[in-house]
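The values are calculated or read from the model by the stated rules, or taken from the named source; none is laboratory data. On a predicted model such as this, the values are computed, not experimentally measured, just so you know. All Cβ positions, glycine included, derive from the backbone under ideal geometry; neighbour counts span all protein chains shown. Only protein heavy atoms, including side chains, enter the accessible area calculation; ligands, DNA and RNA are left aside. Shrake-Rupley method; radii C 1.70, N 1.55, O 1.52, S 1.80 Å.
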Amino acid sequence: MRKVKWIFFGYLAVVGALVVGIALSFASVSARDPDTLYIVYISDIKSLDPAEISDVPSSRIAGNLFECLYNYDYYKRPYELISELATALPEISKDGLEYTIHLRKGIHFYDPDGAVWPGKTGPEVKAKDFIYAWKRVLDFHLPNPNAAIFDAVVGADEWQKYTEDTKDESKIDWDRPIAGFEATDDYTIRIKLKEPFPQLVYALAHLPSAPMSREAVDKYKKKTRQHPVGTGPYSLSYNDHLQQQRILLKRNPIYRGGPMVDPGTPVAAKDRLPKMDRIQFEFFEEDLPPWYVFREGLFDYHGIPKDAYGQAIRTGTELTPELVKQGVTLVKEPEPSIYYYGFNMQDPLVGKNKSLRQAMCMAFNRDQFIATFRNGRGMRPVGPIVPGFPTFDPNLKNPYAEFNLEAALEKMKEAVRVNGGEPIPTIRLLLPGSDTTFRQMGDFVQRNMAQIGVTLDVDYTNWANFLEQVEKKKTAQFYQLGWNTDWPDEQNILQLFWSKNISEGGLNSSNYANAEFDKLYEQAKVMSDSPERRELYKKMQAIVNEDCPWMGMFYPMDFALQHRWLKNFKLVDYVHGWMANLEIDKELRKQGLPRG
Amino acid sequence: MSSAATPAAVDTVMGAVALSERPRSLWRDAMARLHTRKLNYVYASVLAIYALVAIIAFTPLLGKSVFDAQVGAQYAPPAFTGTVEQGTANEHSTIRPSLWLGTDIAGRSVLYKLLYGTRVALTVSLLASILSVVIGTVLGLLAGYYRGWVDALITWLYTTINSIPWILLMVALAYALKDREFKMFGQEFKLVGIPSIVMALGLTSWVGLCRLMRGEVLKHRERDYVAAAKAVGAGTSRIIFRHILPNTFHLVIIDFTLGIVSFVQAEVILSFLGLGVKDQPSWGVMIDDAKLELMRNVWWQFAGATAAIFGLSICLNFLGDALRDALDPRLRGVD
Amino acid sequence: MLAYVIRRILMTVPIVLGILLITFVLFSYVAPDPAFTVAGRGKKPAQLRAIRKEMGLDKPVWLDSRAKAEQDGREYKGHFNSQFFDVVLWRFPESIKYHQPVGELIARKAPVSLAVQLPIFLIELGLQLILALICAFNRGRWPDLVVTFGAVLGMCVPYLSIIILGQSVLGFGAGIFPVAGWDTGLKSVHFMALPILVGVAAGLGGGVRFYRTVMLDEVYTDYVRTARAKGVSRNNMMLTHVLRNVFIPVVTQTVTVLPYLLLGSLLLERMFQIPGLGGLMVEALFNNDRPILLAMTYGISIAYCVMLMLTDIAYTLVDPRVRLS
């Protein structure tokens, strides 16, 4: 009896202490820190090593930690290049083959963990650091997808071959020169190209081209992807990055105060970047909980960001009167991206039957799709060239981008004829996800296609499986993908149709091959911006539109909700390090959401 | 202790089971016990309604053309009546069952989806239950009867499976089997995701019953009636399946009933992880969909599916309890 | 005694082997090519090959020898037999997705899962025993009926629904609890309240029924009847004799559940964004992050086996009769 009592009271004491402890913790809950910005993130960070970053979530974080030679102006549209680590835009030789770039002086690397340089402040950023970083981008051993940005550089192929032949990574001689990259002095870089590559200047504003410290990489080796050592406005210490939980960026104490600022130049306090001391990203896998957290005013803005692989489109909400009352505003910006259903052109059924593809494209009710799944946050695509690009024409006539059931049914007769008079067999649509939205979208397309007698078998799978089927085995018949452009030049999209990009894991995942297109592409590839090049781009788009290797879904409209205390918030693409501009009105945030 | 059995009670709820060779008195007794609690009839009739709905869902009355049809606007809230023949001269308001539980993102009737979901839920859970019960029973019988290395092997198998967290094993198997095609009897089986779920659930859930059966058989094989059967020259399989099985069958029935409940719930978890059925509405998928809808205060799909699962589980649970009380000799002295 | 202990330990060996075999087949055979997960888009075939090689995917699945590996000039790792030794020696490669030692990840996430699951378990167990006791006391009368009925009702609501309800109503609607999230160290405590509440509410029913049955079994044993006949009061009877004998099933249940507490609840952790092992496991499964999956399956399964073994041995120490059965 005594023992029983003893256990009982012991238990009561433990549970009581627990309950009291938890209750007490509520009293000590501190409100949001006034000097920290709070943002949600929904996709895990794959890597913070610029050389291997290719996904949006990773570059969104790393963009705050690294800088490149060039960047884009945060406020200006259309996007305008600014010189960040360079003093000015490159001096380009007449034949377009030689670029000369001068660097800003006095900018230092910063190592937040202090493992490379005890004082955390590293050496000055010099020309060799850029060349080292670019060699890494071209290193065969790094699982990086960015090598293509330097394809045109003299000696890049040889270097890639050399790294591939050097089986042991650690034996690579980093001092081995690449003819096309030359440091004429500590602050001057000369780049030589085999053929004109007018997009190079965009590539130099692209995060993978950020300078890297060889000392830091040698120190951290494979862990470089968790130990970012850069020059950006913020820094991230290893212990502040908890996977699947949160990322805490802290102000880089030796940052010069703005991208266009030379070190040592005084900057007025109100213009000094970054504006906030810290940015905390909190990880959420599900959509419902962070939405509630935002509604409670605990996140400063809530974008429904592009997902890791440009795959997920999430249903959100329109701005309700309730939200308007709480001072929430909607921020919009067209995204230079496109989502599409791709046909596998090597497939004996859909690849060889143009009429079938055209019929399916006409049977897809994009306007209703956009209304249903994007709340209207998207535009019906008229071709692969996306909004914001010079040759984009919203009024382009593309019969296969319009919903036209009669024409589709007419085309279907032709499709059946092409198919030898046999009815079209079931087509398998592969979707890279199986969550609610994918399921509903799969349903939608299925019903659209049923109207013209095409039976779709929708297959939901995960990203790894999806890639395997689309890019490795090439067994996917019909699949959903998206493309986020890397820079505002049409070539970046049109490369997806170039037949030389068909390979295992290649960019041309619809395996589209058209000799005429290839000829035009190769011609335009070496041209710099001119009316002639734009003509070529338009012609290429017309070819693709006629062949229908893609069934366009929409051009997305990026949107976000922000609370009234957030300042300087704009939705951007291409720009890195833009979060340094964000600012909180501390007084307003302290007041919280307006009541009533 | 027990009330006198009325003959009429024998062929009510569990009439089919009474066909077995088990001494009649126990089954009669069990029936009588079930009969004494009138609530059991309520549970049984509710279950019968679920079953009926599921059967109707196999007919065109509740087929794809019905649950897939657009009946109203996107996310229309529940309403008793609705307008028909909109835009025509004959436009009028009338009672529309399709709108009783509102509509979903594509304007489909939530009620019809819910009713159709009964078919999916019952198919999945019945098949999974049958699979797990068959495996558990056969292995349990074999292990208990043969003992020796057969027993050692089977015991090893179920102890191993039992050591791996069930949820991990089940999810991993569901993931591995997802959308696989099976060729059986020259025919291709790909019942849009259902077979893989059934396999994942059934193959991982037989351990409890197997262990129980084994223990029970170990006791029974020493009983007189087994010795008698042996004496008259009955073959091993005859002894196992004609003599021992009927005497331990109550365990199977109880496990079967309660198994259905847990499988209905497991389907929700699988749907949440994106491993559920596709191309057709299921309760799990509906609850999963509702996560996003709740952001816009669309609650009807969530409430409907939750209630459907609740109703089915509660009837099965109470009936399972009643069956256990009625059938399990271990608890016979309790009342 | 020592012989029994040794025999009991030996008995776990084939089980561990079995776990190894099942997980290997599940995670190695049927999963998609993880090289793509690592590589992302726009890969050259040669690079993919290199990644596969680095991950040991180019090797025979079942058996391989060190000598043969050296002969082929490749690293020796990653398939069943070599993996087997790795696991036995508790060596796991780095996580494919996170590029971090698996041990480090688990060490960070296991306490988080435990911080939520242990209180749930403790509170639940106490409430379950108390409620079951009330039922057993009043067998067949209204408190029993009410509690049993309530328990079944609780069991019948889908777990996901309970979570969503708790989150929307108690968290967002009423604003009593934080909706979801986690912090570091003690700052996370107030985030635990709602998950604990929801967890207890969802798990209460099953246990009440289980313990009620166990207690009722005990109430109708001969010794209880004898004691009652000798005039021991009912309350005394319940609290001493019955409760003491119910202890064994309770302890067995507790001990076997402990390793599972580490795993956390998948749904709970995902919806409340608790950075525990449950979420890690789902991610690992969908990314085919084999090192994590292996470490977690083995870790938890073996913990379970060991716990079971310890209880068995402990029982033998307490009650020598157990050894006979």
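Scanning the range B:46-76 for residues that are open to solvent by 60 Å² or more (accessible area, probe 1.4 Å), at pLDDT 85 or above and either outside any helix (DSSP H, G or I) or within 27 Å of C:F149 (Cα to Cα) (or both) yields a count of 3. For C:V214, the requirement of being more than 14 Å from chain A (Cβ to nearest Cβ), farther than 22 Å from C:L310 by Cα, touching a helix residue (DSSP H, G or I) at 6+ places or on another chain (Cβ under 6 Å) and assigned to a helix (DSSP H, G or I) is met. Can you tell me which residue is surrounded by the most Cβ atoms within 10 Å (Cβ to Cβ) among those in the range A:571-596 that are more than 18 Å from A:R251 (Cα to Cα) and under 16 Å from the mean Cα position of the chain (by Cα)? Filtering the range A:571-596 for residues that are more than 18 Å from A:R251 (Cα to Cα) and under 16 Å from the mean Cα position of the chain (by Cα), the one surrounded by the most Cβ atoms within 10 Å (Cβ to Cβ) comes out as A:Y574.
Could you check, for the range A:236-243, whether at least one of its residues is part of a loop (DSSP other than H, G, I, E, B) and facing another protein chain (nearest Cβ under 8 Å)?
As a first pass, look at the range A:236-243 and keep what is part of a loop (DSSP other than H, G, I, E, B): A:236-237, A:243.
Now narrow it down to the ones that are facing another protein chain (nearest Cβ under 8 Å): A:243.
Within the range A:236-243 (the criterion being part of a loop (DSSP other than H, G, I, E, B) and facing another protein chain (nearest Cβ under 8 Å)), the answer is yes, since at least one residue qualifies.
Is it the case that C:A202 is open to solvent by 40 Å² or more (accessible area, probe 1.4 Å) and assigned by TED's automatic domain parsing to the domain that holds C:M237? So C:A202 fails the test. Of all the criteria given as (1) under 28 Å from A:P123 (Cα atoms); (2) of a type outside the set (V, I, T); (3) touching a Phe, Trp or Tyr at 6+ places or on another chain (Cβ under 9 Å), the one not satisfied by A:E182 is (3). Taken over the range C:5-25, the criterion of being at pLDDT below 80 and open to solvent by 20 Å² or more (accessible area, probe 1.4 Å) is satisfied by C:V25 alone.
With respect to C:V232, determine if the residue is free of Cβ contacts under 8 Å to residues at least 24 places away in the same chain and either surrounded by 19 or more Cβ atoms within 10 Å (Cβ to Cβ) or of a type outside the set (D, E, K, R) (or both). So C:V232 fits the description; yes. Considering only the range B:254-305, state which residues are of a type in the set (S, T, Y), open to solvent by less than 20 Å² (accessible area, probe 1.4 Å) and more than 14 Å from chain A (Cβ to nearest Cβ). B:T257 - this is the single residue of the range B:254-305 that is of a type in the set (S, T, Y), open to solvent by less than 20 Å² (accessible area, probe 1.4 Å) and more than 14 Å from chain A (Cβ to nearest Cβ). Regarding the range A:583-591, can at least one residue be identified that is farther than 18 Å from A:M276 by Cα and out of contact with any strand residue (DSSP E or B) (no Cβ under 9 Å at 6 or more places or on another chain)? Scanning the range A:583-591, I find at least one residue that is farther than 18 Å from A:M276 by Cα and out of contact with any strand residue (DSSP E or B) (no Cβ under 9 Å at 6 or more places or on another chain), so the answer is yes. A single entry from A:E158, A:E169 fulfils the requirement of being more than 28 Å from the chain's Cα centre (by Cα), free of Cβ contacts under 8 Å to residues at least 40 places away in the same chain and under 25 Å from A:A205 (Cα atoms): A:E158.
Of the residues that sit in the range C:123-139 and are free of Cβ contacts under 8 Å to residues at least 60 places away in the same chain and open to solvent by 50 Å² or more (accessible area, probe 1.4 Å), which one is nearest to the other protein chains (Cβ to nearest Cβ)?
Let us first name the residues in the range C:123-139 that are free of Cβ contacts under 8 Å to residues at least 60 places away in the same chain, namely C:126, C:130, C:134, C:138.
With the extra rule that they be open to solvent by 50 Å² or more (accessible area, probe 1.4 Å), the set shrinks to C:130, C:134.
Working: C:I130: 9, C:I134: 14 Å.
Among those residues, the one meeting the criterion is C:I130.
Residues in the range C:265-290 that are farther than 22 Å from C:G203 by Cβ, assigned to a loop (DSSP other than H, G, I, E, B) and facing chain A (nearest Cβ under 9 Å): C:N287, C:N288.
Does B:V84 qualify as being of a type in the set (V, I, T) and at pLDDT below 85? Yes, satisfied. Scanning the range C:280-300 for residues that are free of Cβ contacts under 8 Å to residues at least 24 places away in the same chain and open to solvent by less than 10 Å² (accessible area, probe 1.4 Å), we see that the one that is nearest to the chain's Cα centre (by Cα) is C:M281. Can C:I162 be described as open to solvent by less than 40 Å² (accessible area, probe 1.4 Å), within 14 Å of chain B (Cβ to nearest Cβ) and in a helix (DSSP H, G or I)? Yes.
Considered as a group, the residues in the range A:461-507 that are among the aromatic types (F, W, Y) and touching a helix residue (DSSP H, G or I) at 6+ places or on another chain (Cβ under 6 Å) include one that is farthest from A:E422 (Cα to Cα), and that residue is A:W487. Here A:W565 fulfils each of the conditions (1) assigned by TED's automatic domain parsing to the domain that holds A:D459; (2) buried (at least 16 other Cβ atoms within 10 Å of the Cβ); (3) not small (G, A, S) apart from (1).
Would you be able to say whether some residue in the range A:298-313 is open to solvent by less than 10 Å² (accessible area, probe 1.4 Å), among the acidic types (D, E) and modelled with pLDDT of 85 or more? Taking every residue of the range A:298-313 in turn, at least one turns out to be open to solvent by less than 10 Å² (accessible area, probe 1.4 Å), among the acidic types (D, E) and modelled with pLDDT of 85 or more. Within the bounds of the range B:142-150, is there any residue that is crowded, with 20+ Cβ neighbours inside 10 Å, outside any helix (DSSP H, G or I) and in contact with a helix residue (DSSP H, G or I) (Cβ under 7 Å, 6 or more places away or on another chain)? No, the range B:142-150 contains no residue that is crowded, with 20+ Cβ neighbours inside 10 Å, outside any helix (DSSP H, G or I) and in contact with a helix residue (DSSP H, G or I) (Cβ under 7 Å, 6 or more places away or on another chain).
Reported count of residues in the range A:439-461, each being within 26 Å of A:D287 (Cβ to Cβ) and in contact (Cβ under 8 Å) with a residue 40 or more places away in the chain, is 5.
Of the conditions (1) more than 14 Å from every other protein chain (Cβ to nearest Cβ); (2) closer than 22 Å to B:F263 by Cα; (3) in contact with a Pro (Cβ under 8 Å, 6 or more places away or on another chain), B:L99 satisfies every one except a single condition; which number is it? Tallying (1) more than 14 Å from every other protein chain (Cβ to nearest Cβ); (2) closer than 22 Å to B:F263 by Cα; (3) in contact with a Pro (Cβ under 8 Å, 6 or more places away or on another chain), B:L99 fails exactly one: (2).
Restricting the range A:81-98 to residues that are assigned to a strand (DSSP E or B) and among the charged types (D, E, K, R) leaves a set whose member that is surrounded by the fewest Cβ atoms within 10 Å (Cβ to Cβ) is A:E91.
Any residue that is over 27 Å from C:G203 (Cα atoms) and outside the structural domain of C:K109 (by TED's automatic domain parsing) - is there at least one of those in the range C:232-243? Taking every residue of the range C:232-243 in turn, none turns out to be over 27 Å from C:G203 (Cα atoms) and outside the structural domain of C:K109 (by TED's automatic domain parsing). Are any of the residues in the range A:50-60 closer than 25 Å to A:I254 by Cα, surrounded by fewer than 19 Cβ atoms within 10 Å (Cβ to Cβ) and β-branched (V, I, T)? For the range A:50-60, residues closer than 25 Å to A:I254 by Cα, surrounded by fewer than 19 Cβ atoms within 10 Å (Cβ to Cβ) and β-branched (V, I, T): absent.
Just to be sure before I move on: is C:A303 open to solvent by less than 50 Å² (accessible area, probe 1.4 Å) and assigned by TED's automatic domain parsing to the domain that holds C:C135 in the structure I sent? So C:A303 does not fit the description; no.
Name the helices (runs of 4 or more DSSP H) wholly inside the range A:384-501 in which the number of residues that are crowded, with 20+ Cβ neighbours inside 10 Å and in contact with a strand residue (DSSP E or B) (Cβ under 9 Å, 6 or more places away or on another chain) is 1 or more. Walk me through it before giving the result.
Numbers: elements: A:405-418, A:436-450, A:463-467, A:491-494.
Helices (runs of 4 or more DSSP H) meeting the threshold: A:436-450, A:463-467, A:491-494.
Scanning the range A:51-89 for residues that are of a type outside the set (G, A, S) and within 17 Å of A:I191 (Cβ to Cβ) yields A:C68, A:L69, A:Y70, A:L81, A:E84, A:L85, A:T87, A:L89.
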